[in-house]
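The structure appears below as structure tokens.
Every number here is computed from the coordinates shown, using simple stated rules; none is lab data. It should be emphasised that the depicted structure is a prediction, and the values quoted were computed from it without experimental measurement. Note that we place each Cβ from the backbone using ideal geometry, even for glycine, and neighbour counts take in every protein chain shown.
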Amino acid sequence: MSSQAQELAPFGVTAPVEEGYADFSNVWSSDDAEFAVTSVPDLPPGLAETFGATTFAGFADIDAFFKAKTAASFIAWFNGAVANRGAFAGKAISGANVDAHFQTFWDSYARSSPVTLMEFVAYMSIFINERNGDLASKSELFGMKGHPGIAYLFDSFEITTSGGRTFRKASYNRAPNKLAGAAFCDAEYNETHGALALADRLRNSADQVWMGATYPQASFPVSGDPAIAGYVLQTDFFKFRGRGLIQTTWRNNYVDLVKFVQAYAGPNARLKGYGERWKDKPADSVATISTTQDWDDLFENTDNEVVCAAIRLHAKAGGYLPLAKTDAGLNGTASGSLVAMGTRIGGSPAYGAVFKSRARQICVALGE
């Protein structure tokens, strides 16, 4: 999504966990007890080893496997045998170019190392729930009633859902991001972004509102249009909002992606160009001088190279891959289990449990 768009946040006036979606950025919390995590049946014996031993080197392998096993492509098989049932109620794979996106993503993801059938099932369980299985990169939406436009990302606020639960959303203008007020007084930031819209009002500003968590709506525009608020849109709270298929968020995670770009030696010419521009610069400095537009471009126009790198970096930081190849390991709760993977990606044990039930449903439908 272009940063020029002002879109409504996907959760309306509730929290993602209550709607069954992942809290990728881990900004939602509640003072009351966590949703009850019901016991999810384990995967049938032997599937961990069988699904862990089957590997794919790209889309062609995936397609051949499912056509041999089910006489259909994965998307057609899932929509016919699994969609809109059980843990996938109301969920099917759809999208204008969903088949092409599926092929290009899995070709890119498996390029660096083969993916197991179990890892494939696990990630598709995430992507189908969050994105209807359309494997195209999107940027985090922003704006809701009371917190329009970019104020949604900057603000910390509470909501009470229709079920009576109170949730608190944290501000993105906090560590590990660099606060907007600090950026406005940063020489490197101003050298790079100091000619953009609103810079004349905010460059070297000491106004403490920009170190806080309540956007000054009465004094400054909330637009996501660079022509209106471009100087603000290069600060971390906006620039490092969620992108990709697991919504990479926060400065530290983008710094890791800077290092990936700097070291990239693959086939994508656009990505190589960024690496050339950013080489020999400290990764943290690149995070400051990079633009929102740079990151939109890197996530959307590099043949999924950055999208896949972000997924792999998240898994490495979270320690939830590789998935276990034993029944006890895969069905447990420790690193390598489905519950651990779902909890780390989705942000709560409740999500982890439902994620396990979705992966199980695909596995059982596919059989041994």
Given (1) 25, 25, 22; (2) 37, 24, 17; (3) 34, 23, 19, which label gives semi-axes √(5λ) of the Cα gyration tensor in Å as computed from the coordinates? (2)
Between the modelled labels at Asn84 and Glu49 (7 Å from Cα along Cα→Cβ) the distance in nm is 3.9 nm
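State whether region 248-301 is rounded, prolate or oblate according to the following rule on the C-alpha gyration tensor (a ≥ b ≥ c being the square roots of its eigenvalues): a/c under 1.5 gives rounded; otherwise a/b larger than b/c gives prolate, and the remaining case gives oblate. Kindly include the intermediate steps, with their values, before the conclusion.
Details: a/c = 1.60, a/b = 1.20, b/c = 1.33.
Since a/c reaches 1.5 but b/c is at least a/b, the shape of region 248-301 is classed as oblate.
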Order of Leu47, Leu141 - criterion: other Cβ atoms within 10 Å of each residue's Cβ, fewest first: Leu141, Leu47
Net charge contributed by nearby residues that have their C-beta within less than 13 Å of Asn268 (K/R +1, D/E -1): -3
Take the chain, connect every pair of alpha-carbon atoms lying under 10 Å apart with a spring to form a Gaussian network, then pick out the residue of Asp225, Asp31, Asp63 with the largest mean-square fluctuation. Asp31
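Is the shape of region 296-368 best called rounded, prolate or oblate, per the rule: a/c under 1.5 gives rounded, else a/b larger than b/c gives prolate, else oblate, with a ≥ b ≥ c the square roots of the Cα gyration tensor eigenvalues? Display every interim value, and only then the final one.
Values: a/c = 2.10, a/b = 1.73, b/c = 1.21.
The shape class here is prolate.
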Let a ≥ b ≥ c be the square roots of the eigenvalues of the Cα gyration tensor of region 79-159; is it rounded (a/c under 1.5), or, if not, prolate (a/b larger than b/c) or oblate? prolate
Straight-distance crosslink candidates among aspartates and glutamates, where the alpha carbon sits under 15 Å from Lys325 and sequence neighbours closer than 8 are dropped: Asp42, Glu49, Glu119, Glu368
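To two decimal places, what compactness ratio does region 134-293 give when its Cα radius of gyration is scaled by 2.2 N^0.38 Å? Provide the component values of the computation, followed by the final result.
Values: Rg = 16.7 Å, N = 160, 2.2 N^0.38 = 15.1 Å.
For region 134-293, the normalised Cα radius of gyration comes out at 1.10.
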With each pseudo-label sitting 7 Å past Cα toward Cβ, what's the Ala96-Ser335 distance in nm, one decimal? 4.3 nm
So what's region 281-333 giving for Rg/Rh, alpha carbon basis, Kirkwood Rh from the mean inverse pair distance? 1.19
Where is the GNM fluctuation largest for the chain (alpha-carbon springs, 10 angstrom cutoff): Val209, Val339, Val307? Val209
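Report the local net charge at Arg251: Lys and Arg +1, Asp and Glu -1, summed over other residues whose C-beta lies under 9 Å from its C-beta. Present the calculation step by step, with values, prior to reporting the outcome.
Values: positive: Lys178, Lys239; negative: Asp236, Asp284.
Neighbour charge sum, excluding Arg251 itself: 0.
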At a threshold of 8 angstrom on Cα-Cα distance, excluding pairs fewer than six apart, so keeping six or more, what relative contact order does the chain reach in percent? 26 percent
Given R₀ = 30 Å, FRET efficiency for Ala68-Ala328 by Cβ-Cβ distance, to 0.05? 0.50
Given the options Gly86, Gly242, Gly319, which has the most mean-square fluctuation in a GNM of the chain, springs set between C-alpha atoms less than 10 angstrom apart? Gly86
Just list whichever of Lys69/Lys259; Lys239/Lys272; Lys145/Lys356 have alpha carbons separated by over 31 Å in the model shown. Lys69/Lys259; Lys145/Lys356
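Among Phe65, Phe56, Phe355, which comes first, then next, by fewest other beta-carbon atoms within 10 Å? Mind dumping the intermediate values first?
Details: Phe65 17, Phe56 20, Phe355 24.
Ordered from fewest to most neighbouring Cβ atoms within 10 Å, Phe65, Phe56, Phe355 come out as Phe65, Phe56, Phe355.
What list do you get for Arg131, Arg312 if you sort them by fewest beta carbons within 10 Å? It would help to have the intermediate numbers written out before the result.
Details: Arg131 18, Arg312 15.
Ranked by crowding around the Cβ, least crowded first: Arg312, Arg131.
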